[in-house]
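Trainee: Below: one structure in structure tokens.
The values are calculated or read from the model by the stated rules, or taken from the named source; none is laboratory data. It should be emphasised that the depicted structure is a prediction, and the values quoted were computed from it without experimental measurement. A quick note on method: Cβ atoms are made from the backbone with ideal geometry, for glycine too, and the neighbour counts reach across all protein chains shown.
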Amino acid sequence: MQFKQVRRIEEKISVLGLGCWAFSGEGHWDNSTDDNSVAIIHAALDIGVNLLDVAPIYGRGRAETVVGRAIAGRRRDSFLIASKCGLLWDPDNPKHEWRCLKKDSILKEIDDSLRRLGTDYIDIYQLHWPDSSTPMAETLEAIAIIKKAGKIRHFGLTNYNTEQVKAIDPIVRVDSQQGLYNMLERNPRNYHADPLLYRTERETLPQCLELGQAFFPYSPLFQGLLSGTFAPSGNFSDNDVRRSNVKLNGERFKLYYDAALRLKEIAGRYGHPLNELAVNWLVSNPAVTSVIGSALTSEQLLANAKALEWSITPEMRKEIDAVIAPFEDL
Ligand SMILES: NC(=O)c1ccc[n+]([C@@H]2O[C@H](COP(=O)([O-])OP(=O)(O)OC[C@H]3O[C@@H](n4cnc5c(N)ncnc54)[C@H](OP(=O)(O)O)[C@@H]3O)[C@@H](O)[C@H]2O)c1
């Protein structure tokens with residue numbers, strides 16, 4: 001495993017992290033079973049992955065519970081848990097979710113997360129999405145309280161823009177950021193149906209470098225498209241959350257699919273599969289700290305880790321740049 005260090009976090013962080021959304025369980029994610037999810041987390045920890053990115057909303061508490069099961073008995077200081085707050089759901093209608101960063105809600109959410117994870121602290125606690133109905137001062141008051149109580153070690157933001165980070169940082173130090181970023185989504189304007197108010201490559205990454213914050217790119221394989229295994233259509237079952245991604249369905253999909261095929265051809269010519277190229281492209285960026293891809297099997301995880309056995313050459317990069325340039329602002 002390779003590691004990177006940023007100024008605001010003491011531990012070196014593995015360049016490959018593990019996104020835990022896919023551990024949401026049956027009913028939330030096809031082919032996700034808890035035993036298999038625990039095995040994938042163990043496989044990740046065993047190859048030196050030391051960052052697990054999870055959230056209460058993933059499987060409505062289920063993914064955090066699975067992470068808790070997987071880490072039981074492991075040395076707590078040998079990995080970092082990054083979890084989140086601010087997305088709530090209706091237990092009677094779990095498809096109904098909404099944003100909430102009110103003080104009382106965060107004070108409850110942190111205790112629920114700690115209980116599910118079976119730990120007494122979260123290493124990196126992130127606001128999942130901005131909540132325009134709650135004053136930021138109220139949210140930060142709650143974060144300051146739980147940080148002082150030792151329930152969280154570091155504070156991070158996901159899906160926030162640089163102006164918001166600048167305003168928040170002097171009140172509670174922002175140690176990490178997370179945003180949508182992969183070869184074909186460099187400054188994306190939307191994630192599924194949600195508009196994004198930040199430009200990842202142009203604004204967020206330089207800010208992270210300047211402030212010494214970690215950056216965790218989410219959907220690093222473009223939700224599977226950059227694994228190189230997608231067909232031209234019919235990739236998702238009715239239940240698959242990716243059905244609501246407008247870039248992976250309908251008319252727009254062809255544009256992205258064709259680009260992925262061209263990248264796959266470049267990777268293949270140099271003797272590598274596309275998933276390794278996509279991971280390497282991210283790892284080679286000094287602003288990217290840890291690539292938090294999801295994996296549905298241990299084989300997928302290990303296949304992505306193989307990327308760390310080689311690096312992109314300047315010659316390859318020129319060819320890649322020609323394919324991805326038109327996607328810079330899509
Ligand atoms: N902060 C946020 O708002 C936010 C939003 C989204 C995600 N995230 C975080 O980012 C993590 C990753 O994002 P993501 O799940 O959206 O996308 P991703 O990591 O780009 O894609 C993951 C999917 O790609 C496929 N895959 C992975 N490795 C593969 C391999 N070697 N060969 C073939 N297929 C492979 C698997 O799907 P199939 O096998 O089913 O095709 C897997 O579920 C999440 O777990 C979560 O922690 C955060």
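Trainee: So residue 285 clears everything in (1) farther than 19 Å from residue 53 by Cβ; (2) in contact (Cβ under 8 Å) with a residue 24 or more places away in the chain; (3) under 22 Å from the mean Cα position of the chain (by Cα); (4) not in a helix (DSSP H, G or I) except one condition, right? Which one?
Mentor: With respect to (1) farther than 19 Å from residue 53 by Cβ; (2) in contact (Cβ under 8 Å) with a residue 24 or more places away in the chain; (3) under 22 Å from the mean Cα position of the chain (by Cα); (4) not in a helix (DSSP H, G or I), residue 285 is out only on (1).
Trainee: If we only count strands (runs of 3 or more DSSP E) wholly inside the stretch 35-137, which ones have 3 or more residues that are buried (at least 24 other Cβ atoms within 10 Å of the Cβ) and of a type outside the set (S, T, N, Q)?
Mentor: So the answer is 51-53, 80-85, 122-127.
Trainee: Among the residues of the stretch 188-247, write down those that are closer than 16 Å to residue 177 by Cα and of a type in the set (Lys, Arg).
Mentor: Result: 199, 202.
Trainee: Right, another one. Of the residues in the stretch 1-48, how many are within 12 Å of the ligand (Cβ to nearest atom), under 23 Å from residue 178 (Cα atoms), of a type in the set (S, T, N, Q) and in contact with a Ser or Thr (Cβ under 7 Å, 6 or more places away or on another chain)?
Mentor: 1
Trainee: Inside the stretch 219-242, can you point out the residues that are within 6 Å of the ligand (Cβ to nearest atom), buried (at least 20 other Cβ atoms within 10 Å of the Cβ) and either assigned to a loop (DSSP other than H, G, I, E, B) or at pLDDT below 95 (or both)?
Mentor: Those that are within 6 Å of the ligand (Cβ to nearest atom), buried (at least 20 other Cβ atoms within 10 Å of the Cβ) and either assigned to a loop (DSSP other than H, G, I, E, B) or at pLDDT below 95 (or both): 219, 220, 221.
Trainee: So, one more: It is to be established whether one or more residues within the stretch 314-325 are within 15 Å of the ligand (Cβ to nearest atom), in contact (Cβ under 8 Å) with a residue 40 or more places away in the chain, surrounded by fewer than 22 Cβ atoms within 10 Å (Cβ to Cβ) and of a type in the set (A, V, I, L, M).
Mentor: The answer is no, given that none of the residues of the stretch 314-325 is within 15 Å of the ligand (Cβ to nearest atom), in contact (Cβ under 8 Å) with a residue 40 or more places away in the chain, surrounded by fewer than 22 Cβ atoms within 10 Å (Cβ to Cβ) and of a type in the set (A, V, I, L, M).
Trainee: Then there's this: Report, ordered by the first and then the second residue, all pairs with beta carbons closer than 6 Å, sequence separation of six or more or different chains, a first member in the stretch 191-218 that is of a type in the set (Val, Ile, Thr), and a second member that is assigned to a loop (DSSP other than H, G, I, E, B) and surrounded by 13 or more Cβ atoms within 10 Å (Cβ to Cβ).
Mentor: Note: pairs meeting the criteria are 200/181; 200/187; 204/198.
Trainee: So residue 247 passes all but one of these: (1) modelled with pLDDT of 95 or more; (2) near the ligand (Cβ under 10 Å from one of its atoms); (3) of a type in the set (D, E, K, R). Which condition number does it fail?
Mentor: In the conditions (1) modelled with pLDDT of 95 or more; (2) near the ligand (Cβ under 10 Å from one of its atoms); (3) of a type in the set (D, E, K, R), residue 247 misses (2) alone.
Trainee: Output the qualifying pairs, or none if there are none: Cβ atoms under 9 angstrom, residues six or more apart or on different chains, first residue in the stretch 106-120 and closer than 13 Å to residue 81 by Cβ, second residue surrounded by 20 or more Cβ atoms within 10 Å (Cβ to Cβ) and among the basic types (Lys, Arg).
Mentor: 113/84; 116/62
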